[in-house]
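Undergrad: Take this structure, written in C-alpha cells, and hold onto it; I'll ask about it next.
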Amino acid sequence: MEAPATSTRGIRPATTGPQSQRSSVASTVLQVTLPAAAVAAGLVLVAGPIVSTLWRSVLASDTGYDDWTWNNFVALALDRGIQQGAINTIVTGLGVTLFSAILGCLLAWIVARTDVAGRKSFEILNLIPFFFSPYVGAMSWLYIAAPNSGILPKLLQPWLGNAFAFPNVYSVGGVIWVLSLFYTPYIYLFVIGPMRSMDGALEDAARVHGAGFWYTTRTITVPLLLPALMSGALVVFVTSAGLFDVPLSIAAPRGIHMIPTDIFKAVQYPTDIGRASALATIMMLATIAFAVVQQRYINARRFDTISGKGYQPRPVRLGRAGRAAALGIQIAYFVTAAVLPIVALLMVSLSPLWTGLFRPASANLSNFHYVLFDYRMTQTAIANSLFVAVVGATLGVALGGLQAYFVRRRRTRLSALVEPVLSLPLGIPGIIIGLGFLILLIRTPLYTTIWIIIVACVAHFFPLAMRNISAMLLSINPELEQSARASGATWLQAMRFIMIPLLRPALIASWLLLFVILVRELGASILLYAQGTETISVALVILSEQNFGYVAALAVIQVVLLLGGFFLMRRNAATFLGR
Amino acid sequence: MTSRVGAAVTPEDTMTRLAPWIAALTAFVLTATAAGAQEAPALARLTGADKTPLQKLIAAAVKEGQVVYLDTVIQPATNDTLSEAFRKYYALPPAFKVNYTTMTPGNVITRLEQEMRANRITVDVGAVASPPWAFARVKEGRIMAYDSPEYAAYAKSFALGLGKPPYFAFNGAYFFVPMWNAETLKFTGTSWKDLLGVAPSGRLSTTDPTVSDSALMTYIGLRTIIDLPFFEEVAKLKPVLLYKSEIIASRLISGEDLLAMYGMPTRAYQFNQRGARLQVMSPKEGVVLLPQVMFILQDCPHPAAAKLWLDFILSEQGQTILAEREALISGRSGFVSPIPDVVPSIDTVKTIAINWDAITPDSMQKARAEWAGVFKR
C-alpha cells in the first residue's frame, strides 16, 4: 500500500525562547492527557453499564439501595422458561458458528484460492450481507419463507404439492438460518487474509507426496487457517448468541425463549428490572469469559502464514465441474443472503395490501409515501438515525483513535492491560449495554434524550475503531512522529500533519464501519428510546406491530442507507480487508 | 407594458410594476387578520365569563406549541384527521404540533412507567385499555386531576366504574372477538368454544396476557364464563402469540394464520375497506368491553395543550372521528354512532361483566401465572 502523502506545511521550526518552552510543555501535557483522558472515558463507558447491571441484579428493588438479595438469581434458576431459553441460546450460538464457519471458509477459499470466474466481484459482493440489519434480514426471511404465507411456499406449492412441507422459519432453526447468512461474512473476513497469504508450496508438497484434495485440506489447509478461524468463530458464537434482533422477530411470536428476548421482556410491562439484570449478569459473565478465552487463544497462537521464504500464492485450478460448483455456491449465497431479502422487501413495500403474493398491477408507492411524508415518527426516526450514526461514529473514532495511540505509543504494562478491558463491550450484547445504561442514567438529564442512545452506541462500538486504528498504528514507525517533534513541531502539529494523514485510511474505514453499524443498531436503542428519539430500527419494531408494507418500506430506506455506506467503504476495501 | 433598454426607471414605473404585488399582499394581510379574528369554534359555544378560562388555556397551549400522546389504537391517518380538527376547533396555529406514537398496550405502559421512575415525563397524554393500571397510578399521584368540562357527558360511564373523575374517562372502547379471513376459512361458529377444531396446530393466533393488559383483562373476563380446560385445548393448538391487532389482521389476510382468537372488529372494518374479506363473530356468551382510559400525566411538559386535547377527544366531534375511523365505541351519553352497523351503541353490546374495582395487582398476577402455566410460557 502506498503511504499517504504527509505535509510539513504549518510546522514552524523550533525556537528556543521561553514562549517555545511553554508551548513545548503544553504540547507534552496534551500528548499525555488527551490519550489518557480518552482511555479513562473508555473505562467509564465500559465499567458504567457492567457495574450498574451487576449492582442492580442483587438489589431487591429500584429504590432499596441497601436491600441486598439473591432472589433474582434464585427465581431464574427455578424458571423452566429461562432454562429452555439458555439451551436455545447456546444451540443458536453453536449452530450459527458452525454454519457460518463452513460457509465463510468455503466462500473465502473460492475467492482467494480458486480460479473461479468473477471472484473479484464476489470478493466484494460476499460482504454485502454484513452491512444489512439483522432485524430487516429476519423480517425479509419471514416474508420469503413463512410457512403459510411466504413468497417461496406460495410460489412453489403448486409444483411441489401439499405433501412437501417447508421448514418452519418460526423456530430455533429459522433463527440459526437467518443469523448464519448474516454472520458468514464475519468468518469470511477473518479467514480470507490468511487464506490469501497461505504458502501454496505446502499444499503442493502434500499433493506431490500423494495426498488427495480432501486429505490436503484436512491436514494442511485447515490447520493453517485454524487460528484465524477459531478467533472468528469465538466472535461469531458470542455475538450471535447475544443478538436480540432476529429472535425478536422470529422466535418471540412462537413463544420460543431466548435469553436476549427474555431480557427485553423482563424490561417490558410488567417490568422486573431485577430479573432483567440477573439474566444480563449471567450472560455478561459468560461473554466476558469467552472474551478472555479468545484473548488467551489468540495470544498463544502464531498467525503468520507468510514466511521469509519466497512463495507464490497460486490459485487452485478447478475442473469444469469444480468451477461450476464453486460458482453455484457463490451465486447461491449471494442470492440467498442479499438478493432474495431485497426483492422480498421491495415486493412487500410496493404492495398496498400484502397477501403473500406480489401483484404488479396493484403495486404503488403508498407505503413509501406514508413512511417518508405522512408519519412523523418515521421521519423523525430517519433523522435521528443519521444523527446518531454521524455523531456516534465521529465520537467513536475520536475516542478509539486516542485510545489506540495510548495503547501503541505507550508500551507500558498499563497499556497492555487496558486494551483487552476496552475491547470488552464488543462481546457484550447490545441489549445488555442498553439495560446497563438504562439503570445507570434513568435518573439523569440524559434519559429521554437522543444522547443516551449515542452514549450507549459509542460505549458498545468504540473498541472497533480502537482496534482498526491500533492495527494501522502498528505499521507506522514512531520515528516519523519523533522526527517531526525533533524538528520543532508540537504534538498537535505532529498529529495533524504526520499521523492523521498516515492513519487516514483506518480513520475513514472505522468511521464508515461505525456509521453503518449505528444506522442499524437496535439492541441498546430499543431500551433507551423515548417519544421523539426513535431510530430507524426502533421504528421498524414499532411498525412491525402495525403493517407489513410500512415496515418493508422503511426497511428498504434503511437498506439504501446501509448500501450507501457500503459503497463508500468499498473505496477503503483494501484497508477493510486487511490487505 | 414595454421597457426601454437603457432608459431611466421612474418612480411611477416602479409603482406600476409593484402595484399587483402590493394589492396581493394587502389582500393576504386582510384575510389573515380576519381569519385570526374569527373565534375558535370551541369558544363560540360558550358565553360571557365562561369563555375566559378556555381563552387562557388556548393561549397557554399556543405558547407550549405541541402536545405529545401515546395510544394503542389510533392509526396515523386518524391522528392526522384528529389533529387537523383539533387545531380548527381551538383555532390553533398550523405550527402547533400533535406528536404521537401508537404502540402495544404493554409498550405504552412500559414507556410511561419508565418515565415515571425517572421523574422525567415527556408524554402529556396516555391512553391504554387498562383501568386497573390507571386506578393504581391515580393512587400514586401520577395522573393529573383535571375536571374536564366533557366529563358531564360521561356520568353514566363513571357510574359503571369505567373512569374516575377528575382523573380519567375512556376515549373509546373496543373488544376482542374471533376473526378470520373469508378467503381462507369458512367458519360459522357462534360461541367461543366453537374455536376448537377449526384451525390446525400453529394456524391459530392468540395474545399474551403476561405482557398485555388488554389481553389480560379479556382473559380475566373470559375465565368468568369459560372453564380452564377450554384454554388448555387452545394451548394444545400451539397458537402464535401476537400483540397488535393490525398484525393479527395482516396475518389472516396473508394466509399465515387461519383464525384469530383476539381479533379486533375495528381492523376488519379498516382492512375490508382496502379490499380484504375479514369476518368477525359475535360470541353468544358475550365479549369483554375494554375501555381505553385516557389521562394526563402529572408533571407533563405541555399541560394546557394536554387538557385541550383530552377535552377535544372526549367531545362529540372527537368521538365521531374515533367512531368513524377507528370503530371505537363511545361512552358519551346520547352519542349516536355514525356507522351503527360497525360501531354499535354501548348499550347494545352483550358484555361480560367485569368489576374493574375488584381487579388488584395480585389478582392480575394470579391470572398471568395461570395463563402462563396453561400455555407453558
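Undergrad: For chain B, what does the helix formula give at 222 nm: sum of -39500 (n - 2.57) over DSSP H segments with n ≥ 4, over the residue count, nearest 500 deg cm²/dmol?
TA: The helix-only estimate for chain B comes to -13500 deg cm²/dmol at 222 nm.
Undergrad: Let me ask you something else. How far is the Cα center of region A:399-438 from the Cα center of region A:180-225, in Å?
TA: Here the answer is 32 Å between Cα centres.
Undergrad: Further, regarding this structure: Per residue, what accessible area does region B:201-321 have, given a 1.4 Å probe and all protein chains present, in Å²?
TA: 26
Undergrad: Enumerate the amide H contacts of residue B:142 below 5 Å, restricted to partners 5 or more residues apart or on another chain; note that Pro and chain-start residues carry no placed amide H.
TA: Residues meeting the amide H criterion: none.
Undergrad: A further question on this structure: Report, to one decimal in Å, the Kirkwood hydrodynamic radius for region A:114-193 based on all distinct Cα pairs.
TA: For region A:114-193, inverting the mean 1/r across all distinct Cα pairs yields 14.5 Å.
Undergrad: What are the ³J(HN,Hα) values, in whole Hz, obtained from phi via the Karplus relation 6.51 cos²θ - 1.76 cosθ + 1.60 with θ = phi - 60°, for each residue of region A:502-509 in sequence order, with x given for Gly and Pro?
TA: Per residue, the Karplus-derived 3J(HN,Hα) values read 5, 8, 3, x, 5, 5, 5, 4 Hz.
Undergrad: For region A:344-389, which residues drop by 10 square angstrom or more in accessible area between the chain on its own and all protein chains together (1.4 Å probe)?
TA: At a threshold of 10 Å² (probe 1.4 Å), the residues of region A:344-389 that become less exposed are A:352, A:353, A:354, A:355, A:370, A:374, A:375, A:376, A:377.
Undergrad: Within region B:172-225, what whole-number % of the accessible surface is contributed by carbon and sulfur, with the 1.4 Å probe and all protein chains included in the calculation?
TA: On region B:172-225, the fraction of accessible area on carbon and sulfur atoms equals 54 percent.
Undergrad: What average count of beta carbons from other chains do you get within 10 Å of the Cβ of residues in B:190-202?
TA: Averaged over the peptide's residues, the number is 0.
Undergrad: With charges set only on the Cβ (+1 for Lys and Arg, -1 for Asp and Glu), what does the dipole of region B:312-377 come to about its Cα centre, in debye to the nearest 20?
TA: Dipole magnitude for region B:312-377 comes out near 400 debye.
Undergrad: If I compute solvent accessible area with a 1.4 Å probe over the protein chains, what percent of it on region A:366-515 is carbon and sulfur?
TA: 67
Undergrad: Suppose all protein chains stay in the model; what accessible area per residue would a 1.4 Å probe give for region A:112-237, in Å²?
TA: Roughly 38 Å² per residue, with all protein chains present.
Undergrad: While we're here: Compare the Cα positions of A:435, A:399, A:380 along the charge dipole of region A:377-468 (+1 at Cβ of Lys, Arg; -1 at Cβ of Asp, Glu; about the Cα centre) and return the one farthest towards the positive end.
TA: So the residue furthest toward the plus end is A:399.
Undergrad: P(r) of the protein assembly as shown in 20 Å steps, Cα pairs, percent per bin?
TA: In order of increasing distance, the bins hold 12, 40, 32, 14, 2, 0 percent.
Undergrad: Around residue A:328, under 15 Å between beta carbons, what's the net of Lys plus Arg minus Asp minus Glu among the other residues?
TA: +3
Undergrad: I'd like the Karplus ³J(HN,Hα) series for region A:540-555: coefficients 6.51, -1.76, 1.60, θ = phi - 60°, whole numbers in Hz, and an x wherever there's a Gly or Pro.
TA: 4, 5, 5, 5, 5, 8, 10, 7, 4, x, 5, 5, 5, 5, 5, 5
Undergrad: Hey, any idea what % of region A:238-291's accessible area is carbon plus sulfur with a 1.4 Å probe?
TA: Its accessible area is 74 percent carbon and sulfur atoms.
Undergrad: Right, next: Farthest toward the dipole's positive end in region B:258-377, which of B:359, B:371, B:287, given Cβ charges of +1 (Lys, Arg) and -1 (Asp, Glu) about the Cα centre?
TA: It is B:371.
Undergrad: Follow-up. What do the square roots of 5 times the Cα gyration tensor eigenvalues come to for region A:497-566, in whole Å, largest first, as semi-axes of the equivalent ellipsoid?
TA: 32, 14, 7
Undergrad: Net charge around residue B:204, counting only other residues with Cβ within less than 15 Å of its Cβ (Lys, Arg = +1; Asp, Glu = -1)?
TA: Neighbour charge sum, excluding residue B:204 itself: 0.
Undergrad: Can you work out ³J(HN,Hα) from phi for every residue in region B:80-91, in order, using Karplus 6.51 cos²θ - 1.76 cosθ + 1.60 and θ = phi - 60°, giving whole Hz and x for Gly and Pro?
TA: The phi angles translate into 4, 5, 4, 4, 5, 5, 4, 4, 5, 4, 10, 6 Hz.
Undergrad: Tell me, what does the Kirkwood hydrodynamic radius of region B:239-290 come to in angstroms if you use every pair of distinct C-alpha atoms?
TA: Result for region B:239-290 stands at 11.6 Å.
Undergrad: Continuing with this model, one more query. Considering amide H positions built from the backbone, and no H for Pro or chain starts, which residues 5 or more places from residue B:66, or on another chain, come under 5 Å of its amide H?
TA: B:97
Undergrad: Accessible area lost on pairing B with A, both sides, 1.4 Å probe, Å² to nearest 100?
TA: 4300
Undergrad: If we restrict to alpha carbons, what Rg and Dmax does chain B come to, in Å?
TA: Rg and Dmax of chain B, Cα atoms, are 25.7, 99 Å.
Undergrad: What shape does region A:458-575 take by its C-alpha gyration tensor, where a ≥ b ≥ c are the square roots of the eigenvalues and a/c under 1.5 counts as rounded, a/b above b/c as prolate, and the rest as oblate?
TA: Since a/c reaches 1.5 and a/b is larger than b/c, the shape of region A:458-575 is classed as prolate.
Undergrad: Would you report the distance distribution of C-alpha pairs in region B:28-179 as whole percents per 5 angstrom bin, up to the bin with the largest distance?
TA: 2, 7, 14, 18, 19, 18, 11, 6, 4, 2, 1, 0
Undergrad: With a 1.4 Å probe and all protein chains kept in place, how do A:91, B:128 rank by accessible area, largest first?
TA: Final ranking, largest accessible area leading: A:91, B:128.
Undergrad: Per the helix-only calculation at 222 nm, which mean residue ellipticity applies to chain A, given -39500 (n - 2.57) for every DSSP H run of n ≥ 4 and division by its residues, nearest 500 deg cm²/dmol?
TA: Result for chain A, helices only: -22500 deg cm²/dmol.
Undergrad: Identify, among B:335, B:180, B:310, the residue whose Cα sits farthest towards the positive end of the charge dipole of chain B, taking +1 on the Cβ of Lys and Arg and -1 on the Cβ of Asp and Glu, with the dipole about the Cα centre.
TA: Result: B:180, furthest along the dipole toward the positive end.
Undergrad: With no solvent and one equal point scatterer placed on each C-alpha of region A:175-237, evaluate the Debye formula and give log10 I(q)/I(0) for q = 0.13, 0.23 Å⁻¹, two decimals.
TA: The calculated log intensity ratios at q = 0.13, 0.23 Å⁻¹ are -0.43, -0.91.
Undergrad: How big is the dipole moment of chain B about its Cα centre under a simple scheme where the beta carbon of each Lys and Arg is +1, that of each Asp and Glu is -1, and everything else is neutral? Debye, nearest 20, please.
TA: Computed charge dipole of chain B: roughly 400 debye.
Undergrad: Let me ask something additional. Taking amide H atoms as placed 1.01 Å from N in the peptide plane, list the residues 5 or more away in sequence, or in a different chain, whose amide H sits under 5 Å from that of residue B:100.
TA: Those qualifying (amide H under 5 Å, at least 5 residues apart or on another chain) are B:69.
Undergrad: What size of dipole, in debye to the nearest 20, comes out for chain A about its Cα centre when the only charges are +1 on Lys and Arg C-beta atoms and -1 on Asp and Glu C-beta atoms?
TA: Computed about the Cα centre, the dipole is about 1660 debye.
The values are calculated or read from the model by the stated rules, or taken from the named source; none is laboratory data. None of the values given here were measured: they were computed from a predicted structure. So basically every Cβ, Gly included, is an ideal-geometry build from the backbone, and we count neighbours across all protein chains shown. For accessibility, only protein heavy atoms count, side chains too; no ligands or nucleic acids. Shrake-Rupley method; radii C 1.70, N 1.55, O 1.52, S 1.80 Å.
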